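Take this structure first; my questions come after.
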Amino acid sequence: MEAVLTGAIPIVPDRCSYSEMYLPEFKYPSEWTTSYKAYEANKEKVKAFITDKLDNFDSYADAVKQQQEILIRDYLNADIMYNKLLGIGD
């Protein structure tokens, strides 16, 4: 999350809390990295996913800004985190 706030493009698996926290363009299919064996089988796909983000960095600027706003609004606010822990709101 901290890297995204500085403008980095996130690259996360579509599992755990990443599924709800990150935009689709930053998530790769979870099955690509569920184990080392899965990673080896999908290594070229993982590399292509990362290479796309690097080669097209500027085209992701708006999505990164949107992702920053989501993280700040929904996850990096002390009141929101406190309320979520207590089950208040939503």
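FYI, it's all coordinate maths here, none of it is from the lab. Predicted model, so just to flag it, every value in this text is computed and none were measured. Cβ atoms come from the backbone with ideal geometry, glycine included; neighbour counts cover every protein chain shown.
Net charge near residue 61: determine it from the other residues with C-beta under 15 Å of the C-beta of residue 61, scoring Lys and Arg +1 and Asp and Glu -1. Before the final figure, lay out each step's value.
Working: positive: 53, 65; negative: 25, 52, 55, 58, 62, 69.
Net charge around residue 61: -4.
Follow-up question, since we're still on this one. Rounded to the nearest 500 deg cm²/dmol, what is the calculated helix-only ellipticity per residue at 222 nm for the chain, with -39500 (n - 2.57) per DSSP H run of length n ≥ 4? Kindly include the intermediate steps, with their values, before the conclusion.
Numbers: 5 runs with 51 residues, N = 90.
That calculation yields -16500 deg cm²/dmol at 222 nm.
Just tell me which aspartates and glutamates come within less than 19 Å, Cα to Cα, of residue 53; anything on the same chain fewer than 8 places away is out.
Counting by Cα, and skipping residues close in sequence, residue 53 has these aspartates and glutamates nearby: 2, 14, 25, 44, 62.
Please label the shape of the range 1-58 as rounded, prolate or oblate, based on the square roots a ≥ b ≥ c of the eigenvalues of the alpha-carbon gyration tensor (a/c under 1.5 means rounded; beyond that, a/b larger than b/c means prolate, else oblate).
Details: a/c = 2.38, a/b = 1.31, b/c = 1.81.
Oblate shape, in that a/c is at least 1.5 and b/c is the bigger or equal ratio.
If we count every other residue with Cβ under 12 angstrom of residue 46's Cβ, Lys/Arg +1 and Asp/Glu -1, where does the sum land?
Values: positive: 43, 45, 47, 53; negative: 31, 40, 44, 52.
Combined, the nearby Lys, Arg, Asp and Glu give 0.
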